[in-house]
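Asks: First the structure, then my questions, so here it is.
The values are calculated or read from the model by the stated rules, or taken from the named source; none is laboratory data. It should be emphasised that the depicted structure is a prediction, and the values quoted were computed from it without experimental measurement. In this analysis, Cβ positions are derived from the backbone assuming ideal geometry, glycine residues included, and neighbour counts consider all displayed protein chains. For the accessible areas, the whole protein counts, side chains as well, though only heavy atoms, and no ligand, DNA or RNA atoms are used. Shrake-Rupley method; radii C 1.70, N 1.55, O 1.52, S 1.80 Å.
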Amino acid sequence: MLDLEERNRGTRLVLLVGVALGLGNLAYVLLASPRHIAIDYRVYHLAGTVALEGGNFYAAVPEGLPGYFHYVYPPITVLGFVPLALLGGETVGFAVHTIETVLVGLGAAWLLVRYIERVGGGRLPWLDRGLIAAFVVGSVHSMSSLLFGQVNHHLVAALVVGFVALDADRETLAGVAFGLAAFLKVFPAAVGLWLLRRRAWRAIGSAVGFALAGFAAGLAVFGPELTAAYVERAIVPRFSPDAFAGGLAPGETYLTIRRPISVLLPTVDPALYGLLAALVLAPPVAYLYRTIEDREDRLVSIMGTMAAILVFFPSFPLYVVILYFPLVPLLYLLERGRPRRLLLAGALVASIAIRYDDLRQGFEMAGSAPDLLETVVRPVLTFVTPGLVGVLVILGACLLQRRHKHGPQFDPARD
C-alpha cells in the first residue's frame with residue numbers, strides 16, 4: 001500500500017511549490033507582461049487562416065511579432081487549427097484552445113494517477129490527485145505553455161500515453177503516441193533510444209509508420225513546396241549552433257548542457273558542442289540501461305533518458321514538462337533514502353525558472369543593482385541555470401538509486 005502520510009510529504013511539497021510558482025508566473029504575465037498572452041496561439045490562428053486561403057502559412061507572421069514567430073509544425077498539423085480559425089477572432093479561438101489544453105492536461109494527470117495507484121497498490125487521496133492535476137496543468141513548467149497558447153500539454157499527454165501503454169505491453173498504441181510526440185516537436189524522437197533498449201520493435205515500427213503517414217498526408221494535401229518550407233524554416237533552425245558561438249549569452253533561456261560547455265570552450269566550433277554534450281551524457285544513460293528487469297529499473301532508466309534528452313538539445317525551460325512521466329510516479333513510488341531525497345531536491349531546484357536578466361530587471365525596478373549581481377551572479381547564471389542544475393540533480397538521483405540497488409558492480413544477466 002502507498003505510505004502517503006510519511007513518505008510522500010516531500011512529494012506534496014514539490015508539487016505544491018511547482019503550482020505556487022506557476023500561479024506566480026500567471027500573476028506576473030497578467031500584470032507586467034500581458035502582451036505575451038496567446039503569443040504562440042496567434043501564430044497557430046494565423047496559420048489556420050492562411051491555410052484556408054491556400055497560402056504559405058510558414059511565411060505568415062502575426063502583426064507586431066518578430067520574424068521568428070512563424071508556424072513550425074509539419075504541414076498536416078495546421079488542419080488542427082483551421083476549425084479554431086473558423087470560429088472567428090483570435091480571442092474566441094484562444095479561449096477554446098485553452099479549454100482544450102486544460103482538458104488534455106487533466107487527461108494526462110488522470111493517466112498518471114491511475115498508473116501510480118496501479119503500481120503502488122493503493123488509492124491516492126483526493127489531495128494528491130488534485131495536486132497532480134494542478135501540477136500537470138498549471139505548474140511553473142506548464143503555465144507558460146498555457147498562457148502562450150502552446151501545445152506542450154498535448155506533448156505531455158502523448159508521452160504519458162506512450163509510456164503507460166508500453167508498460168502494459170500495448171506496443172502499437174505506445175508507438176503511435178510516441179510517433180505523435182516526435183511528429184509535433186521532433187526532439188522526442190530520441191525516445192527511440194529507450195524503445196531500442198526495451199527491444200520494443202512493434203512500438204518502433206508504429207512510431208515510424210505514424211510519422212511517415214503524417215508526412216505523406218502533408219505532401220498529399222499541401223504539396224512538396226510547403227513540406228520543403230517546413231524543413232527549411234522549422235527543422236534546420238532548430239539544429240543551428242549559432243546561438244552558442246563564443247559562449248551562450250547570460251540572457252538566453254536555453255536549458256541545456258551545451259550552455260556550460262560553450263562557456264568553458266568558447267573558441268571551439270559550436271557545431272561540436274552537440275558531440276561534446278553526447279559524450280558527457282552517454283555514460284550515465286548507458287549505466288542506467290545496464291539492467292531494466294523490474295519496473296523500478298525501467299522507471300529510473302526512463303527518467304535518465306528524458307533528462308538526457310532535455311539537456312542534450314537546446315531546450316527551453318517550458319520543455320521540462322517532458323519529465324512528468326516518470327518524474328511524478330517516481331516522486332510517489334521511490335522508497336525513502338538518499339536517492340529519493342536527491343530526486344526531491346532536483347525537482348524543487350528545477351522549478352526555479354530565473355535568469356540573470358530577470359534579476360537585473362528586478363533590481364533596476366527597485367532602484368538599485370548591487371555589484372554582487374554583476375561580479376558573482378552574472379558569471380554563475382551564464383555558466384548554469386537553476387533549471388539545468390535541477391535536471392542534472394534528478395539524473396544524479398537516478399544514478400544513485402541504481403548504484404544503491406545493484407552496487408557499484410553488477411551483472412545485468414544475473415539481476
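Asks: Assuming Gly246 fulfils every condition listed in (1) open to solvent by 40 Å² or more (accessible area, probe 1.4 Å); (2) assigned to a helix (DSSP H, G or I); (3) not assigned by the TED database to the domain that holds Leu112 apart from one, which condition is it?
Replies: Looking at each condition in turn, Gly246 falls short on (2).
Asks: Within the bounds of segment 93-115, is there any residue that is assigned by the TED database to the domain that holds Ile204, open to solvent by 10 Å² or more (accessible area, probe 1.4 Å), modelled with pLDDT of 95 or more and among the acidic types (Asp, Glu)?
Replies: There is at least one residue in segment 93-115 that is assigned by the TED database to the domain that holds Ile204, open to solvent by 10 Å² or more (accessible area, probe 1.4 Å), modelled with pLDDT of 95 or more and among the acidic types (Asp, Glu).
Asks: Now a separate question. Take the residues in segment 231-243 that are loosely packed, with under 14 Cβ neighbours inside 10 Å and part of a loop (DSSP other than H, G, I, E, B), then tell me which one is farthest from the chain's Cα centre (by Cα).
Replies: The selected residue is Ser240.
Asks: Would you mind telling me which numbered condition in (1) farther than 30 Å from His70 by Cβ; (2) among the hydrophobic types (A, V, I, L, M, F, W, C); (3) touching a residue at least 60 places away in the same chain (Cβ under 8 Å); (4) in a helix (DSSP H, G or I) Leu279 fails?
Replies: Going through the list (1) farther than 30 Å from His70 by Cβ; (2) among the hydrophobic types (A, V, I, L, M, F, W, C); (3) touching a residue at least 60 places away in the same chain (Cβ under 8 Å); (4) in a helix (DSSP H, G or I), Leu279 breaks only (3).
Asks: Show the residue pairs that are 6+ apart or on different chains and have beta-carbon atoms under 9 Å apart, the first residue being within segment 260-274 and among the charged types (D, E, K, R), the second being open to solvent by 50 Å² or more (accessible area, probe 1.4 Å).
Replies: Asp269/Ala245
Asks: Keeping to segment 399-414, report how many residues are at pLDDT below 50 and crowded, with 17+ Cβ neighbours inside 10 Å.
Replies: The initial filter retains those residues of segment 399-414 that are at pLDDT below 50, namely 410-414.
Now drop any that are not crowded, with 17+ Cβ neighbours inside 10 Å, which leaves none.
Count: 0.
Asks: Which of the residues that make up segment 117-134 are among the β-branched types (Val, Ile, Thr) and open to solvent by 10 Å² or more (accessible area, probe 1.4 Å)?
Replies: Passing the criteria: only Val119.
Asks: Checking the structure you have, find out if any residue of segment 217-230 is within 20 Å of His154 (Cβ to Cβ), touching a Ser or Thr at 6+ places or on another chain (Cβ under 7 Å) and part of a helix (DSSP H, G or I).
Replies: Keep residues of segment 217-230 that are within 20 Å of His154 (Cβ to Cβ), which gives 217-218, 230.
Within this subset, residues satisfying the condition of being touching a Ser or Thr at 6+ places or on another chain (Cβ under 7 Å) are 218.
Next, only the ones that are part of a helix (DSSP H, G or I) stay: 218.
The answer is yes; a qualifying residue exists.
Asks: Only one of (1) in contact with a Pro (Cβ under 8 Å, 6 or more places away or on another chain); (2) open to solvent by 10 Å² or more (accessible area, probe 1.4 Å); (3) closer than 24 Å to Thr382 by Cα fails for Pro317. Which number is that?
Replies: (1)
Asks: Out of the residues in segment 253-269 that are over 17 Å from Ile309 (Cβ atoms) and not in a helix (DSSP H, G or I), state the one that is most open to solvent (accessible area, probe 1.4 Å).
Replies: Within segment 253-269, the first condition is being over 17 Å from Ile309 (Cβ atoms), and the residues that meet it are 253, 260, 262-269.
Subsequent filtering for residues that are not in a helix (DSSP H, G or I) retains 253, 265-269.
On the way: Thr253: 48, Leu265: 73, Pro266: 54, Thr267: 135, Val268: 41, Asp269: 86 Å².
Checked segment 253-269; the qualifying residue most open to solvent (accessible area, probe 1.4 Å) is Thr267.
Asks: Just to be sure I understand the filter: pairs with C-beta atoms under 9 Å, separated by 6 or more residues or on different chains, first member in segment 30-41 and assigned by the TED database to the domain that holds Tyr68, second member of a type outside the set (Val, Ile, Thr) and open to solvent by 60 Å² or more (accessible area, probe 1.4 Å). Which pairs pass?
Replies: Arg35/Gly64; Ile37/Leu30; Ala38/Glu90; Tyr41/Glu90
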